[in-house]
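Asker: Take this structure first; my questions come after.
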Amino acid sequence: MSEQVTLTQFIIEQQRGLPDASGTFTLLLNNIVTACKQISHRVNRGALIDVLGSAGSENVQGEVQKKLDIITHEIMVKALDWGGHLGGMASEEISDPIKIPQQYPKGKYLVLFDPLDGSSNIDINLTVGTIFSVLRCREGVEAETEDFLRKGSEQVCAGFVLYGPSTMLVLTTGSGVNGFTLDQDIGEFILTHCNMKIPEESNEFAINMSNQRFWEPPIQQYIEECVAGEDGVREKNFNMRWVASLVADVYRILNRGGIFLYPYDLRDPSKPGKLRLMYEANPMAFIIEQAGGLCSTGRESILEVKPTSIHQRVPLILGSKIEVERIIGYYREHDNVAGT
């Protein structure tokens, strides 16, 4: 058997090539990983430790919280607030940024996280996950909301952890995408998927078809072409996949290509989208584009969207580059005709 590379070893070896690296980022990432190991344990135990079901409350998004939404949020905060690496945190589950307790030093990074993506699936034993994003901040200063409102292109790290048949971490620090599998026997993430690349073309798409009547014409056109299969202009058959768990859909695309769409729709024109820019779209866009894919709202690169609030929502289209470019072209044609 070839020598196994742990996540810690992988990160340290990467940092050796950076002359100004202090090791602070490695320690921060280790704390994130520790939290995700704890979350993995609770997700795997499920009903055995009474963590399934509704918590009887709503989060800042107005969504019903599961017990595990609250538990995983608390795990992330407790794992990260003491280390001295952060100037602040932000969680999808609460309205305001999380302050670092006064007794701890303030560091040069910010972390934003969705502690349990896809939690609506937890009670039926489908894949869920944790998504996180890391930004730089002013060292030694307590971060304010404005410090978090940075474009996705300014991320220094993004990742997600899948809690499925195996627990996997997918990570980028801006030099490609790598996947690590948790070896439960030794409690370490091991490099198992090196330099992940998304195929440019694919015959799979993921979208919630129940919303079809509300889509804008560019999305209607694209999906109609996919459904028409080899009898349509694409001249090939497509398969539809939809897990309703962003981490699961993105992981599938990283492995075999395809496209994921949660577009803007016309049900409520005042709402710009479903998914959160800071906790979901930005980290996933960083990962997807580092793996050779593309990520867009349809009209703008996700990584170039200037945030206006930490809970901002956006349309999200990501996946194989050629497929996303096709949809961007449809939006461009539609808007040119409409004069917008």
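The values are calculated or read from the model by the stated rules, or taken from the named source; none is laboratory data. Just so we're clear, the structure is a prediction, and the values are computed from it rather than from any experiment. When we count neighbours, we look across all protein chains shown, and the Cβ atoms used for this are built from the backbone with ideal geometry, even at glycine. Accessible surface areas use protein heavy atoms only, side chains included; no ligands, DNA or RNA. Shrake-Rupley method; radii C 1.70, N 1.55, O 1.52, S 1.80 Å.
Asker: Under unit Cβ charges (Lys, Arg +1; Asp, Glu -1), what dipole magnitude, rounded to 20 debye, does the chain have relative to its Cα centre? Let's see the in-between values first.
Answerer: Values: 31 positive and 44 negative charges, 68 e Å.
About 320 debye.
Asker: Take Arg299 and Ser175, extend 7 Å from each Cα along the Cα→Cβ direction, and tell me the distance between the two endpoints in nm.
Answerer: The two pseudo-label positions are separated by 3.9 nm.
Asker: Provide, in order from the shortest bin, the percent of all Cα-Cα pairs of region 197-300 in each 10 Å bin, continuing until the bin that contains the maximum pair distance.
Answerer: 14, 46, 35, 5
Asker: Additional query: Percent of alpha carbon pairs in region 247-338 separated by more than 22 Å?
Answerer: Tail fraction, whole percent: 24.
Asker: Which stretch or stretches of region 148-173 have amide N atoms under 19 Å from the point lying 7 Å from His193's Cα along the Cα→Cβ direction?
Answerer: 157-173
Asker: Oh, and also: Relative to the Cα centre, what is the charge dipole magnitude of region 137-269, using +1 at the beta carbon of each Lys and Arg, -1 at the beta carbon of each Asp and Glu, and rounding to the nearest 20 debye?
Answerer: 240 debye
Asker: Under 10 Å, Cα contacts only: if you run a Gaussian network model on the chain, which one of Glu93, Glu300, Glu325 comes out with the highest mean-square fluctuation?
Answerer: Glu300
Asker: Right, here's the next one. Keeping all protein chains in place and using 1.4 angstrom, which order do Val324, Val337 fall into by accessible surface area, from largest down?
Answerer: Working: Val324 0, Val337 130 Å².
The ranking, largest first, comes out as Val337, Val324.
Asker: Okay, moving on. Could you tell me how many cubic angstrom of Cα convex hull volume the chain has per residue?
Answerer: Enclosed volume per residue, from the Cα hull, is 151 Å³.
Asker: For the chain, find the longest principal axis of its Cα atoms and tell me its angle to the long axis of helix 321-338, 0 to 90°, nearest 10.
Answerer: 60 degrees
Asker: With charges set only on the Cβ (+1 for Lys and Arg, -1 for Asp and Glu), what does the dipole of region 266-340 come to about its Cα centre, in debye to the nearest 20?
Answerer: Here region 266-340 has a charge dipole of around 260 debye.
Asker: Could you work out how far apart the two model spin labels at Gln212 and Lys78 are, taking each label as a point 7 Å from the Cα in the direction of the beta carbon, and quote it in nm?
Answerer: Label at Gln212, label at Lys78, 4.7 nm between them.
Asker: Carbon and sulfur: what percent of the chain's accessible surface (1.4 Å probe)?
Answerer: The computed percentage sits at 49.
Asker: How many nm separate the modelled label positions at Ile322 and Val5, each set 7 Å beyond the Cα in the direction of the Cβ?
Answerer: The two pseudo-label positions are separated by 3.0 nm.
Asker: Figure the gain on full extension for Tyr104 and Arg138 (residue separation times 0.36 nm, minus the Cα-Cα span) and round it to one decimal in nm.
Answerer: Fully extending the segment from Tyr104 to Arg138 adds 10.7 nm.
Asker: Here is a follow-up. What's the extension gain from Asn30 to Leu149 if we count 0.36 nm per residue and subtract their Cα-Cα distance?
Answerer: Taking 0.36 nm per residue and subtracting the Cα distance, the gain is 40.4 nm.
Asker: Further question on the same structure: Could you work out [θ]222 nm for the chain from helices alone, using -39500 (n - 2.57) per DSSP H run of at least four and dividing by all its residues? Round to the nearest 500 deg cm²/dmol.
Answerer: The helix-only estimate for the chain comes to -9000 deg cm²/dmol at 222 nm.
Asker: For region 118-129, take each phi angle, set θ = phi - 60°, evaluate the Karplus expression 6.51 cos²θ - 1.76 cosθ + 1.60, and give the result in whole Hz per residue in order, putting x for glycine and proline.
Answerer: x, 5, 5, 8, 5, 6, 10, 6, 9, 5, 10, x
Asker: Using amide H atoms built 1.01 Å from N in the peptide plane, name the residues 5+ places from Ala90, or on other chains, whose amide H lies under 5 Å from its own.
Answerer: Sorted by chain and number, the residues that satisfy this are Ile98, Val111, Leu112, Phe113.
Asker: Here's another thing I want to ask about it. What FRET efficiency do you get for Val227 and Ser54 if R0 is 25 Å and r is their Cβ-Cβ distance, rounded to the nearest 0.05?
Answerer: Numbers: r = 35 Å, r/R0 = 1.42.
My answer for the efficiency is 0.10.
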